[in-house]
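Peer 1: What follows is a single structure, and I will ask about it in a moment.
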Amino acid sequence: MIDTIYLALAARLKDRLDPKTVDLWNTQPANTQIAAVHLPAIFIDFDRIEWKDNQSGLQEGRAEIRIWVVQNTLAESRYGGHSTDRAMKPLQYLTQVHTALQGFSGDGFGSLTRVATAVDHDHDHLLVHSHTYITQITDTSALDAGYIDQPVDFQVTGEIDGLPPLFDGQ
C-alpha cells in the first residue's frame, strides 16, 4: 500500500518536474550518500500514519508525507546582488513541487494538502527544504489476504425456545 503511494508520487513528480533523482528519504544530505545523488533531488518520506480499524480488515489512516527537495546553491541570494535571479530558481522549483502535489490523489490515498514547509540549514552547499502534506489513506492489504470471515447462513424465524413467537403471521 505505501509502495503504491510512493510510486504514484514519484511518477507524478518525474512527469511534472523531471528531477534528476526521486527516491525514498534516508537523511541523504546528512551522510555520504548525497555524493551519489544527482541534483535536484526529491525524496519522499512517509512520516506518521494514524490508523483506524473498521473491524473488517480494512484500515484507514491520516498520513503525513514529507517531500524533501535538495538542490545546489551556487548563486548569491542577497537582494540586488549580481546573481539574485539565478538564486531564486531553487525557491521557484520548490513552488513547482508544491503545485505538482497539492490536491493530487491516487489509488489508496486522497487529495494531498500541504500543512507545513521547512528549511534545513545544516548543509553548506545544499538547499534542503521540505513540504509536509496530509492525506487520508486506505489499506486493503488485510482484505486482500482473506481477513474477512465467510458469511454464515442462518434463518430468522422469530421464535426463541421457551418464548411465544414474536410474529404470529397476521
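The values are calculated or read from the model by the stated rules, or taken from the named source; none is laboratory data. Remember, predicted model here, so these are calculated numbers, not experimental data. With ideal geometry, Cβ positions are generated from the backbone for all residues, glycine too; neighbour counts draw on all protein chains shown. These accessible areas exclude ligands, DNA and RNA; they are computed on the full protein's heavy atoms, side chains included. Shrake-Rupley method; radii C 1.70, N 1.55, O 1.52, S 1.80 Å.
Listed here are the residues, each with its yes/no results for (1) assigned to a helix (DSSP H, G or I); (2) open to solvent by 100 Å² or more (accessible area, probe 1.4 Å); (3) modelled with pLDDT of 90 or more; (4) closer than 19 Å to residue 19 by Cβ.
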| site | (1), (2), (3), (4) |
| --- | --- |
| 81 | no, no, no, no |
| 94 | yes, no, yes, yes |
| 158 | no, no, no, no |
| 170 | no, yes, no, no |
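Peer 1: When only residues in segment 112-140 that are polar (S, T, N, Q) and open to solvent by less than 40 Å² (accessible area, probe 1.4 Å) count, which is modelled with the lowest pLDDT?
Peer 2: Filtering first and then ranking leaves 130.
Peer 1: Here is a further query. Return the residues of segment 39-59 that are surrounded by 12 or more Cβ atoms within 10 Å (Cβ to Cβ) and among the aromatic types (Phe, Trp, Tyr); say none if nothing qualifies.
Peer 2: Across segment 39-59, the qualifying residues are 43, 46.
Peer 1: Restricting to segment 98-115, give me the number of residues that are part of a loop (DSSP other than H, G, I, E, B) and in contact with a strand residue (DSSP E or B) (Cβ under 7 Å, 6 or more places away or on another chain).
Peer 2: 5
Peer 1: Any residue at all in segment 57-69 that is closer than 19 Å to residue 132 by Cα and modelled with pLDDT under 85?
Peer 2: No: segment 57-69 contains no residue that is closer than 19 Å to residue 132 by Cα and modelled with pLDDT under 85.
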